[in-house]
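In what follows, a structure is listed as structure tokens, so that the remarks can point back to it.
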Amino acid sequence: MRKTFILLLLSLSYSCSKEINPIIIDPGKTYLSGEGVFVLNEGNFRSGNGSVSFFSYDSSKIFNHVFFEVNKRSLGDIPYFMDFLNEKGYIVVNNSGKIEVINGKTMGSISTIRKLVSPRYISFITATKAYVTSLYSDSIAVLDLLKDDVSGYIDMNHTSESIIVHEYKAYVANWTSGNEIFVINTLYDEIIDSIEVGKEPESMVVDKNGTLWVLCNGGWQRDNSAELIGIDTQTDEIIKRFVFPSKTDSPISLEIDGKGENLFYILNGVMKMNINSSQLPESSFISFSNGNLYKLGINPDNNEIFITDVVDYQEKGFVLRYDKNGTLISRMKADIIPGSICFKPRSLLPGK
């Protein structure tokens, strides 16, 4: 009788407890296995408190500290960018000088790529090769994805930021005090051209017509006007140029929808512009005045809009989710300085 009573108490105690992070028990069968969105929280500079959050479409909830819960160690200092190739995820950790390679389905660590100087973005050239840009180095690192190691460098004589690969060419922005887009032949890992654009090209996308769009913020001192520039990737010539009306305008985080038809960027809210438009938008698509917007992401499958709000760059920030019409769906608390947004590939979903 006493044994039965104890078992009953244990059962009641267990059933009333909250399962905070089911990922600890079996990562392969928890929220990470479903459709969702990764958010990189940069954390405080030199504090090593960067983290990863995951928004689950199944539960419509956000889960924080995912990398730590799975791997039982911190991610590092300033996780800045994340992307997937096949079943692997690559997390670029800027100030730690590394890339964490993870299992895309479980978030479990596979390896760590080091020997990198202030890495910013990774772009996949083939199934076995990738480029990594650098905020401080004058070279782009070439990765061997079979060995998860650096196999060589491309001398730029300039620092590098955002990168877009289109057909056999990689377009690399020289951001810090720069005004050029460098063109690399990805077959030979050689620079073949450079394109002069506006001051400090900050982010880039390619539309459905193969036009490369470059958002130039004008420089942190605002001594130049910000510009949005369209480049023909067949000729590498500028075919469209839009100058922002005020030097105080500082647009950031250029993105494009799933069909490659509409551009989005942050400027006093979120602006939306069709690729065939003859002028910059005059009013916000999404108005926002109470916060500090930082990064933008457009879900390629349903065109939902995710925006990060870093608040004051000290306390925990928020992730804002909007539908394709610009209506707010939810506001979720992430971690310190929520930044880049990465949508989980559908190929990683169960049954795919």
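Please treat every number below as a calculation from the coordinates, not as lab data. The structure presented is a predicted model; accordingly, all values stated were derived computationally and were not measured. Don't worry about glycine lacking a Cβ; one is built from the backbone with ideal geometry, like all the others, and counts go over all protein chains shown.
The figures follow:
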| item | result |
| --- | --- |
| Spin-label proximity, N302 to the range 31-47 - amide N less than 15 Å from point 7 Å beyond Cα toward beta carbon | 34-38 |
| Most mobile of T133, T30, T308 in a GNM of the chain (Cα contacts under 10 Å) | T30 |
| Cβ-placed point charges (K, R +1; D, E -1), dipole of the range 282-352 about Cα centre in debye, nearest 20 | 360 debye |
| Principal semi-axes in Å for the range 142-229 [√(5λ), Cα gyration tensor, largest first] | 25, 15, 11 |
| Using alpha-carbon coordinates, inclination of helix 2-16 to the longest axis of the chain, degrees | 20 degrees |
| Alpha carbon centroid spacing (whole Å) that separates the range 78-113 from the range 254-333 | 25 Å |
| Neighbour-count ranking [beta-carbon atoms within 10 angstrom, fewest first] of H166, H158 | H166, H158 |
| Ascending count of other beta-carbon atoms within 10 Å, so fewest first, for F45, F38, F242 | F45, F242, F38 |
| Three-way shape label, the range 280-347, alpha-carbon gyration tensor, a/c 1.5 | oblate |
| The chain: radius of gyration and largest Cα-Cα distance (Dmax), Å | 21.5, 85 |
| Computed FRET value (nearest 0.05) for E261 with R46, which takes r as the C-beta separation and R₀ as 51 Å | 0.80 |
| Global form of the range 74-128, assessed from the alpha-carbon gyration tensor, a/c cut-off 1.5 | oblate |
| Tensor-based shape of the range 239-326 (alpha-carbon gyration tensor, a/c under 1.5 rounded, otherwise prolate or oblate) | oblate |
| Charge sum, other residues only, whose C-beta stays under 11 Å from W175's C-beta, Lys/Arg counted +1 and Asp/Glu -1 | -2 |
| Exposure proxy order (Cβ contacts within 10 Å, fewest to most) of T248, T176 | T248, T176 |
| Distance-filtered residues of the range 98-132 - backbone nitrogen under 15 Å, label point 7 angstrom along H166 Cα→Cβ | none |
| Kirkwood Rh in Å, taken over the range 117-189 so that all alpha-carbon pairs contribute | 12.0 Å |
| FRET E, pair Y136, K316, Förster distance 41 Å, beta-carbon r, rounded to 0.05 | 0.90 |
| Theoretical ellipticity at 222 nm over the chain - DSSP helices of four or more residues, -39500 (n - 2.57) apiece, nearest 500 | -2000 deg cm²/dmol |
| Surrounding net charge for G48, when Lys and Arg each add one and Asp and Glu each subtract one, Cβ distance under 14 Å | -1 |
| Surrounding net charge for N209, when Lys and Arg each add one and Asp and Glu each subtract one, Cβ distance under 12 Å | 0 |
